[in-house]
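Inspection log for the structure reproduced underneath, given as structure tokens.
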Amino acid sequence: MYMITRESIYYINLRQAYLLSPYYASRLSSRTVLFTSVPDEYLDEGNLRRMLGEHVRRVWIATDTSDLDDEVKNRDEIAMKLEAAETKLIKLANASRLKSEKKGARPSSEDAAIAEHGEPGSVASRYIKPKQRPTHRLKPIVGKKVDTIDWCRAELQKIIPKVDGMQERHRSYDVKKLNSVFVEFDTLTEAQAAYQSLTHHQVLHMAPRFTGVMPSEVIWSNLRIKWWERVIRVLLTTSFVVALIVFWSIPVAVVGSISNINDLTGIKGLQWLSFINKLPTQILGVITGLLPTILLAALMAVLPIILRLMARLSGDPSLSAVELTVQNYYFGFQVVQVFLVATLASAASSAVFTILKNPTGIPTLLASRIPRASNFYLSYFILQGLGVVSSILLGLVGLVIFIVLGKLLDKTPRKMYRRWITLSYLGWGTVFPVYTNLFVIAICYAVIAPLVLGFAAIGLYFFYVAYRYNLLFVSNSRVDTKGLVYPRALQQIFVGLYVAEFCLIGLFALATASSIGALGPLVLMIILLIFTALYQVSLNSALDPLLKYLPKSLDAEERRLYEIERGEMSSANHEDGAGMKEAHQATMSQPTRPNYDLGPAPHKKPNMITKFLRPDIYTDYATMRRLVPKEIEIRYEPEVERDAYFNPSIKSQTPLLWIPRDPMGISAQEVRDTRKVIPITDEGATFDNKGNIVWDAENGRPPIWEKPVYY
């Protein structure tokens with residue numbers, strides 16, 4: 001309990017130091033609040049500004065983009081089809097040229113002139129036959145066959161202006177509005193004030209509220225959900241997940257029974273499976289040995305997908321909220337199925353009947369069953385550490401996907417570039433529960449077999465090394481929960497304490513049957529169980545606001561530090577407050593800010609033990625503030641800030657096509673003909689001597705490169 005409290009305090013101080021630093025406070029997402037379940041009367045910018053005050057800087061009202069989504073998707077698909085067709089045309093012609101040169105032919109002066117100046121007609125026709133040009137059918141199998149390049153150009157000529165017009169109507173809100181609103185405030189402080197306040201007088205209206213949500217994390221389809229619909233969704237999805245966790249052992253048992261399918265064929269009602277016994281020995285070995293392993297792996301792989309789908313269906317409006325919900329779901333599954341069910345699996349049938357006959361005997365049952373598996377977990381932690389860590393560091397799957405799929409699927413410069421820059425990413429909602437459950441197991445067995453703690457420490461250290469390396473050099477994170485998965489994992493460790501205390505209560509209850517001397521320890525354990533529950537409730541009550549909100553006292557401290565640097569402390573005492581407001585705005589909004597010196601830490605350097613025991617002093621906000629950047633602030637282009645929280649379909653621009661340049665002049669001709677309809681370029685990609693497409697990976701800035709925006 002002390003470690004959970006200590007780590008929570010450490011995290012809160014670090015979080016506050018980071019979120020109040022200029023690097024984060026200047027971000028658009030930190031100054032923007034998402035209001036959901038907004039009543040119709042407040043789907044109006046004027047009404048919102050009157051309610052939320054003068055510090056509202058910009059408002060984005062979510063709109064129904066279902067029709068626009070389809071049109072934008074259709075436009076982009078046709079554009080990519082055109083890009084792929086033109087690339088294929090150029091590649092075929094280049095292959096024909098190389099084949100001719102291999103036979104001894106040399107480029108003529110006419111070819112050189114074409115490559116330099118162009119000519120009327122199709123340059124590609126000099127190298128390939130008309131029937132070799134890329135074609136496709138308008139409908140599968142029976143549809144009319146058309147020239148892909150000509151068809152795509154004609155379609156894009158019609159759809160691009162249509163999309164532009166629809167986007168303009170959404171920008172002017174001349175469409176159906178949804179009941180969610182993004183509101184940008186002048187400063188982080190004003191955004192926090194709106195986020196922390198009760199916005200509407202009716203229950204569940206303009207709530208829940210979210211801040212720090214980046215545009216790339218928004219689940220736009222969930223912004224239309226009404227407050228009553230959200231309640232129903234949460235009830236239904238939670239019920240489904242609970243049932244899934246409880247009954248997940250049924251499909252697992254079915255898959256596991258395949259390994260003993262020979263025995264099942266003799267059971268009454270399953271005689272129809274007897275044909276399996278007539279199969280060749282090799283095939284039967286595959287069915288009973290390899291098939292269950294593959295099916296079980298597929299079953300476990302599909303579970304995170306199901307849980308994430310349920311989190312989306314529950315109405316979570318952002319990917320970070322989804323990950324936090326999935327973390328709860330998946331931890332419940334880990335504890336019930338991976339720990340408790342696995343521990344009791346050896347006597348599952350007798351355990352079920354015992355529980356049904358005497359539900360109050362669960363602690364005694366756990367106490368008698370759990371100690372038997374302690375030897376298994378001694379090696380389990382080490383094997384998990386070595387096995388998982390080796391696979392994480394090797395990254396064989398990612399390597400195979402990058403090399404094999406890259407060669408098989410990446411036929412255009414764009415696809416090659418996308419695969420080159422795309423890193424694998426971690427889903428925190430399914431990563432943390434696995435190791436939190438290992439922690440729970442270690443705590444539970446620590447009271448029975450203390451040696452487990454040492455083995456668990458070694459195994460968890462292996463995980464730390466592997467994930468530290470991958471997070472620094474290999475993987476990326478697409479979802480930013482602002483670290484909230486960590487304190488949630490800390491809270492989930494309490495489950496290990498409860499299970500351990502229940503086991504001890506069961507052990508002492510068994511002992512009281514033969515010795516009255518065990519009654520005292522039994523009473524003490526019951527008292528400890530009650531104390532643990534009360535402590536967790538009190539801890540959550542104290543820390544929960546600090547995990548959600550940023551305190552005004554620290555914001556005032558940030559302004560004070562700025563005033564000291566500016567030498568304007570006296571202005572903060574003006575009755576009209578103008579000096580304070582000026583310093584406040586300079587601290588939280590403006591793009592330029594001096595790198596003021598925070599000076600030495602406000603306390604003497606502690607020793608290791610003192611630092612560990614008093615995180616509230618030696619890792620407080622003032623100390624952690626010195627560890628984050630002080631001079632980095634984020635700036636935005638005006639159009640980027642203007643369009644930040646519009647639906648991606650509204651701000652989606654017509655894509656720039658990218659084709660490889662060839663020495664024959666075909667790409668130059670395609671650029672001249674296609675740019676009349678859609679932007680296109682042949683810069684930054686060409687062919688090597690073997691006819692393979694290559695792009696300028698050394699420069700790393702192809703024509704389709706986009707400057708990253710840190711929202």
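The values are calculated or read from the model by the stated rules, or taken from the named source; none is laboratory data. Everything quoted here is computed from the prediction, not taken from an experiment. Glycine also receives a Cβ, built like all others from the backbone with ideal geometry; neighbour counts cover every protein chain displayed. Keep in mind that these areas ignore ligands, DNA and RNA; they rest on the heavy atoms of the full protein, side chains included. Shrake-Rupley method; radii C 1.70, N 1.55, O 1.52, S 1.80 Å.
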**Message:** With θ taken as phi - 60° and the coefficients 6.51, -1.76 and 1.60, list the Karplus ³J(HN,Hα) couplings across region 686-699 in order, rounded to whole Hz; mark glycine and proline as x.
**Reply:** 8, 10, 8, 5, 9, x, 8, 6, 10, 10, 6, 6, 5, 6
**Message:** Using amide H atoms built in the peptide plane, which far-off residues or other-chain residues are under 5 Å from ILE680 H to H?
**Reply:** LEU657
**Prompt:** By its C-alpha gyration tensor, with a ≥ b ≥ c as the square roots of the eigenvalues, how is region 437-513 shaped: rounded for a/c under 1.5, else prolate for a/b larger than b/c, else oblate?
**Reply:** oblate
**Complete:** Residues whose built amide H sits under 5 Å from the amide H of THR135, excluding neighbours closer than 5 in sequence, are THR148
**Complete:** For ARG614, the net charge from surrounding residues (Cβ-Cβ under 15 Å; K, R +1; D, E -1) works out to +1
**Item:** Vicinal HN-Hα couplings computed from phi for region 186-201 (Karplus, 6.51 cos²θ - 1.76 cosθ + 1.60; Hz; Gly/Pro x)
**Value:** 5, 9, 4, 4, 5, 5, 5, 4, 5, 5, 7, 8, 7, 7, 10, 7
**Message:** Just to be sure I follow: if Rg is taken over the C-alpha atoms of region 1-77 and Rh is the Kirkwood radius over the same atoms, what is Rg/Rh?
**Reply:** 1.18
**Fill in**
Once amide hydrogens are built 1.01 Å from N within the peptide plane, the residues lying 5 or more places from THR211 or on another chain with amide H under 5 Å from its amide H are LEU34
**Asked** What percentages, rounded to whole numbers, describe P(r) for region 155-197 computed over all alpha carbon pairs with 10 Å bin width beginning at zero?
**Response** 21, 28, 26, 17, 8, 0
**Item:** Accessible area per residue, Å², region 387-531 with all protein chains present, probe 1.4 Å
**Value:** 53
**Prompt:** Remind me, what semi-axes does region 173-244 give for its equivalent ellipsoid, largest first in whole Å, using sqrt of 5 times each Cα gyration tensor eigenvalue?
**Reply:** 25, 16, 14
**Asked** What lysines sit close enough to LYS707 to cross-link, taking a C-alpha to C-alpha distance under 17 Å and skipping anything fewer than 8 places away on the same chain?
**Response** LYS651
**Fill in**
So for R0 = 30 Å, FRET eff. of GLU698-VAL640 from the Cβ-Cβ r, to 0.05, ends up at 0.60
**Item:** Peptides 700-710, 412-422, 652-662, 165-175 ordered by average Cβ neighbours within 10 Å, highest first
**Value:** 652-662, 412-422, 165-175, 700-710
**Request:** Pull up the cross-link candidates among the lysines for LYS99, meaning alpha carbon to alpha carbon under 29 Å and not fewer than 8 places away within one chain.
**Result:** LYS81, LYS88, LYS91, LYS129, LYS131, LYS145, LYS407, LYS411, LYS415, LYS690
